[in-house]
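Working notes, structure below.
The values are calculated or read from the model by the stated rules, or taken from the named source; none is laboratory data. Quick caveat: nothing in here was measured; it's all calculated off a predicted structure. Note that we place each Cβ from the backbone using ideal geometry, even for glycine, and neighbour counts take in every protein chain shown. All accessible areas refer to the heavy atoms of the entire protein, side chains included, with ligands and DNA or RNA removed. Shrake-Rupley method; radii C 1.70, N 1.55, O 1.52, S 1.80 Å.
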Amino acid sequence: MAWQGLKLNLRVSQKQILTPGLVQMVSVLALNRLELREMINQEMIANPVLEELSEEPTQTDNYSDETFLKAETEKVPEKDAANPFDEFDVGSFFNQYLDTGGDGGKSQEREVSERPSFEKFLSSPTGLSVTICSDAVKELAESIIGNLDENGYLTASMEELSQGGKYSQDDLDDAVAVVQDFDPIGVGARDLRECLLLQIKAFDPHNTLAQQIVSEHLKQVQSNQLKEVARALNRPLEVVKRSLEVIKKLDPRPGLRYNKTEPRLVEPDVYFRKVDAQWVAFLNEDDMPQLRLSPTYRRLLVKDASDRDVRNYVKERFTAAIQLMKNIEQRKHTILRVCQSIIARQGEFLDHGKDALKPMMIKEVAEEVGVHPSTVSRAVASKYAHTPQGVLELRSFFSESVNGPEGGAMSLLTLKRVVKKMIEEEDSTKPLTDEQIAKKLDDTGIHVTRRTVAKYREDMRIPSTHQRRVKN
């Protein structure tokens, strides 16, 4: 039997490793204007070396690596009779940044105790609560509430809620009934049909026709097949329509009133303006903190500090501050270069509007700017531009190319608008099929297949031909 001996092999390899500075640079580039301002404010709180540049004239600081690292070449003496920090108390100077206070934080506790809680000034949102019931039903009801989606629908199955038979079917039914008895009526339903039925029974319990329509013919109502519904129920069409008016007043998403999305504040990150008949991109820096390095801490660094820990701390904070300032400047430079490339390609859109939008890919801009496509993607992510056509997301300028009239390229977004316009202008009693839309486009020189039209229509959430048809 041969024994396999141990061998030592020397292998040379290269690996790409992201340094903390590069990680921060990537993160800063992806931030929009509001996020960057918040991040800068947080950094100024965390790093005492950073401070906001005031409008008062100050001596220009040199933040080059050579000047900064020059302090590292100075030897810290082991013993020095004349301490350069004798002129002020370094310990107390740093304590205001590093400690809670000389009294061990007692003054902070006293200050907090004397002030009312900030939470008292906030209104508490209305929520769901469990009424008086047995412990098992209460636990199940709380579990049901925890499994409601934003629309108020119960997403968990009865098997999941029973936890492997821990709860009986009667307890499950009672718990569902408890939750469905809460306001708003309809919450806790398993689907749209149950949601609407709960509301009809609560608000108009004698309207059996509306209950029957929802219970048995909801799909046909959604497809606007009203004649078929009236025929199946053996009721006049007008009577069916009156019940439908009742159904239309119901809330299909009762949970949304407790899950209101706050309006998102949008501030343009860049401005597209014409200067001497040329479009130019300007970064929006209004109210953006302009950073500088604290002169006081610079003096601490360049002097022969007797306290090595203090010196090392200041050096570490200076390194982090300089890296952040460089990354913010790099972000500005990259965004402006990307925006200038966008402007060069989309000048007609800025002049004439949406129909003049040209196809443009992120890869093309990346090659022109000389960066990786992922860098361009981060540079335009969640960022907005103020243009003559309104405040637009930078990503909206990018669109795939499709074959346009006379063999030219057409933006995919433009093609979708053409399809949408055709559908809006169609005869509702004889809506266009996807094949007919493709034929109309082909007649104008735009060559797409029926399946492509169907895909674009679904992307725009436009119903199918059958669902759009309105019968007389």
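Give the stretch 148-170 a look and list any residue that's over 29 Å from the mean Cα position of the chain (by Cα) and closer than 23 Å to ALA202 by Cα, or say none. Once the filter is applied, which keeps residues that are over 29 Å from the mean Cα position of the chain (by Cα) and closer than 23 Å to ALA202 by Cα, the stretch 148-170 yields only ASP170. Restricted to the stretch 37-52, and to residues there that are of a type in the set (Asp, Glu) and touching a strand residue (DSSP E or B) at 6+ places or on another chain (Cβ under 7 Å), the residue that is nearest to ASN284 (Cα to Cα) is GLU52. When the stretch 444-463 is limited to residues that are under 14 Å from GLU426 (Cβ atoms) and touching a residue at least 24 places away in the same chain (Cβ under 8 Å), the one that is surrounded by the most Cβ atoms within 10 Å (Cβ to Cβ) turns out to be VAL453. Surrounded by 14 or more Cβ atoms within 10 Å (Cβ to Cβ) and modelled with pLDDT of 90 or more: is that true of ALA379 in this structure? The answer is yes for ALA379. Within the stretch 425-469, the set of residues being hydrophobic (A, V, I, L, M, F, W, C) and either part of a helix (DSSP H, G or I) or within 34 Å of the chain's Cα centre (by Cα) (or both) comprises ILE437, ALA438, LEU441, VAL448, VAL453, ALA454, MET460, ILE462.
State all residues of the stretch 171-181 that are over 20 Å from GLY255 (Cβ atoms) and open to solvent by 60 Å² or more (accessible area, probe 1.4 Å); if no residue qualifies, say none. Within the stretch 171-181, ASP173, ASP174 qualify.
The strands (runs of 3 or more DSSP E) found entirely in the stretch 228-294 that carry 1 or more residues being within 26 Å of the chain's Cα centre (by Cα) are 270-275, 278-283.
Can you tell me which condition LEU357 does not meet? The list is (1) more than 19 Å from GLU52 (Cα to Cα); (2) touching a residue at least 24 places away in the same chain (Cβ under 8 Å); (3) surrounded by fewer than 16 Cβ atoms within 10 Å (Cβ to Cβ), and all the others hold. Only one criterion in (1) more than 19 Å from GLU52 (Cα to Cα); (2) touching a residue at least 24 places away in the same chain (Cβ under 8 Å); (3) surrounded by fewer than 16 Cβ atoms within 10 Å (Cβ to Cβ) is unmet by LEU357, namely (3). Within the stretch 151-181, the only residue that satisfies the criterion of being among the aromatic types (Phe, Trp, Tyr) and either at pLDDT below 85 or part of a helix (DSSP H, G or I) (or both) is TYR167. Taken over the stretch 222-236, the criterion of being at pLDDT 85 or above and open to solvent by less than 50 Å² (accessible area, probe 1.4 Å) is satisfied by LEU226, GLU228, VAL229, ALA230, LEU233.
In the stretch 428-449, the residue that is nearest to VAL470 (Cα to Cα) out of those that are among the acidic types (Asp, Glu) and modelled with pLDDT of 85 or more is ASP434.
Residues in the stretch 159-170 that are open to solvent by less than 40 Å² (accessible area, probe 1.4 Å) and not aromatic (Phe, Trp, Tyr) were compared, and the one that is nearest to ASN147 (Cα to Cα) is LEU161. Evaluate the following for ALA189: is it crowded, with 20+ Cβ neighbours inside 10 Å and part of a loop (DSSP other than H, G, I, E, B)? For ALA189, the condition - crowded, with 20+ Cβ neighbours inside 10 Å and part of a loop (DSSP other than H, G, I, E, B) - is met. The requirement of being polar (S, T, N, Q), in contact (Cβ under 8 Å) with a residue 60 or more places away in the chain, within 18 Å of GLU245 (Cβ to Cβ) and surrounded by fewer than 18 Cβ atoms within 10 Å (Cβ to Cβ) is not satisfied by ASN207.
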